[in-house]
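Engineer: What follows is a single structure, and I will ask about it in a moment.
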Amino acid sequence: MNILQSQSKHLKLSDSEKIEFIEIRQTSFRQGVDSYVVSILSPDSKRRATSFRADAQHLVDYWTEKASEAGIEITYKPYVHEPFGPVLSPHPTFNTPDDEQVVWRYMSFSKFMSLISSGSLWFARADILQASDPMEGRVPEAQVQANNTLLRSMNFVPMTDGHGNEVFSSQQRGEHSVVMHARRDYFERYHTYINCWHISDVENFAMWRVYGEDRNCLAIKSTVGDLRKALGVSNNYRIFAGAMNYVDYSDSEIFKEPMPNGFAKYLNKSLYYEYEQELRLIFWDVGAVSDLIPNEVKYHDEPDDSDLKDIPVGVKAPVDVNKLVNEVVLGPDCEPWFIEMLRELSKCENSEGLVERFKKLNVTLSEVKDYQIPSPPDINW
């Protein structure tokens, strides 16, 4: 007997019970199936409720018939969005710096123009970041073992077939959970999107070299508070921000406790990367309707190669550029022609508004190489 058949038998209305109401509730998930919610009143005035997906046709037919017999109209309840709130929201796993903390984003000129023209921050999919850095999202072996030990120690209720016959024991369900946790940990990377900043009160020469990408690069300077203001509010998605933890992955004592959630692995990096002092922003796609991912994009818990082509390689989070950017700092190796081009750009007229946005920005030169070697003193005798 399959689970749906056993549910159908369990959900049937007894002669002594009556239906209070039946609703169809719109789900908040992309391409989701609406849910039926049934409330039943027993003779002893105790209420019980059940819900099932609207594509469980045998259940839909059963309760539609019962509603008709009882003279009850099935009502439709649309999904109600959460109230508008800050996109950049607090989360217990994220160590978010104070709003006054200065942050930097080093980039090429093309990426800067993409930011200005699109009015959005680019969040890259975690598996693509892992392709260039296998340490990205790494879970230490000690923490894997801690997670597995916890799952095996849990007292799961044995699974039955609906007739009281045990199908899976508590121990078997524990082992199954170990495997399912490992699979979920692997596939989460296809639904995790990351944007990185550098935490520092001053510019950093190493960051110019690593992330500037070419001589004619630049950095935008902001604060955590201005980042929060620039991301604005939304009622259907949230982004979390936290300073990275730089750890020794070989130290089992650090990771003796199980991982609290899927975010944690993306907030740790090896000590080798400590110079980055990274502030990491994460958007996690859970399949819900949001402004960042088109509604026609299917959500898959375990996407295969055929699914990956439809999952966005990145998402663009809208930002108010003028609230975000306190200063644009040109790289220390910028060539004269590049600086002159930016000067000319700031003077142009542009009906599309792109140049107008650029003209409002505070553009300065890097101070990394502002010291000039003096000429030798003249000989005077």
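Engineer: With each run of n ≥ 4 DSSP H residues scored as -39500 (n - 2.57), what mean residue ellipticity at 222 nm is computed for the chain after dividing by its residue count and rounding to the nearest 500 deg cm²/dmol?
Structural biologist: Calculated mean residue ellipticity at 222 nm is -8500 deg cm²/dmol.
Engineer: Mind ranking Arg184, Arg238 by accessible surface for me, highest first, 1.4 Å probe?
Structural biologist: The ordering from most to least exposed comes out as Arg184, Arg238.
Engineer: Then there's this: When we measure straight from the Cα of Lys18, which aspartates and glutamates land under 20 angstrom away, once same-chain ones fewer than 8 places off are left out?
Structural biologist: The reachable aspartates and glutamates, counting only those whose Cα sits under 20 Å from Lys18, are Asp44, Asp61, Glu65, Glu69, Glu73.
Engineer: Right, something else. In percent, what relative contact order does the chain have, based on Cα pairs under 8 Å that are 6 or more apart in sequence?
Structural biologist: 22
Engineer: Something else now. To the nearest 20 Debye, how big is the dipole of the chain about its Cα centre, given +1 on the beta carbon of each Lys and Arg and -1 on that of each Asp and Glu?
Structural biologist: It works out to roughly 720 debye.
Engineer: Also, quick follow-up: Below 20 Å, Cα to Cα, which lysines can Lys12 reach? Residues fewer than 8 away in the same chain don't count.
Structural biologist: Lys12 reaches Lys46, Lys66.
Engineer: Here is a further query. Which percentage, to the nearest 5, of the DSSP beta bridges contained in the chain is antiparallel?
Structural biologist: Bridges in the chain are about 85 percent antiparallel.
Engineer: Answer with one residue from Ile128, Val328, Tyr106: the one whose Cα lies farthest towards the positive end of the charge dipole of the chain, charges on Cβ with Lys, Arg +1 and Asp, Glu -1.
Structural biologist: So the residue furthest toward the plus end is Ile128.
Engineer: For an R0 of 25 angstrom, estimate the FRET efficiency from the Cβ-Cβ distance between Ser35 and Phe84 and round to the nearest 0.05. Kindly include the intermediate steps, with their values, before the conclusion.
Structural biologist: Details: r = 25 Å, r/R0 = 0.99.
Computed FRET efficiency for Ser35 and Phe84: 0.50.
Engineer: Okay, moving on. Convert each backbone phi in the stretch 48-55 into a coupling constant with the Karplus relation 6.51 cos²θ - 1.76 cosθ + 1.60 (shift: θ = phi - 60°), then list the ³J(HN,Hα) values in order as whole Hz, x for Gly and Pro.
Structural biologist: 9, 9, 9, 9, 7, 6, 6, 8
Engineer: Let me ask something additional. Can you tally the net charge around Tyr76? Count Lys and Arg as +1, Asp and Glu as -1, for every other residue whose Cβ sits under 11 Å from the Cβ of Tyr76.
Structural biologist: Here the charged neighbours net out to -1.
Engineer: Order Glu69, Glu274 by their accessible area, 1.4 angstrom probe, all chains in place, largest first. Mind dumping the intermediate values first?
Structural biologist: On the way: Glu69 120, Glu274 90 Å².
Most to least solvent-accessible, the answer reads Glu69, Glu274.
Engineer: Mind checking the per residue accessible area of the stretch 154-261 for me, 1.4 Å probe, whole number of Å²?
Structural biologist: 52
Engineer: Next question. Restricting everything to alpha-carbon atoms, can you work out Rg to Rh for the chain with a Kirkwood hydrodynamic radius?
Structural biologist: Using Cα coordinates only, the ratio equals 1.11.
Engineer: I want the local charge near Gly232. Using Cβ-Cβ distances under 13 Å, sum +1 for each Lys or Arg and -1 for each Asp or Glu among the other residues.
Structural biologist: Values: positive: Arg228, Lys229, Arg238, Lys323; negative: Asp226, Asp291, Asp320.
Here the count lands on +1.
Engineer: Let me ask something else. Percent of accessible area on the chain owned by carbon and sulfur, 1.4 Å probe?
Structural biologist: Roughly 52 percent of what the probe reaches on the chain is carbon or sulfur.
Engineer: Summing Lys, Arg as +1 and Asp, Glu as -1, what charge do residues with Cβ under 11 Å from the Cβ of Asp34 carry, Asp34 excluded? Walk me through the numbers before you get to the answer.
Structural biologist: Numbers: positive: Arg25, Arg53, Lys77; negative: Glu23, Asp55.
Surrounding charge for Asp34 is +1.
Engineer: Report Arg152's accessible area, 1.4 Å probe, all protein chains in place, as a number in Å² to the nearest 10.
Structural biologist: 120
The values are calculated or read from the model by the stated rules, or taken from the named source; none is laboratory data. Source: prediction; values computed, not measured. Positions of Cβ are backbone-derived with ideal geometry, glycine not excepted, and every protein chain shown enters the neighbour counts. Note: accessible area is taken over every heavy atom of the protein model, side chains too, but ligands, DNA and RNA are not part of it. Shrake-Rupley method; radii C 1.70, N 1.55, O 1.52, S 1.80 Å.
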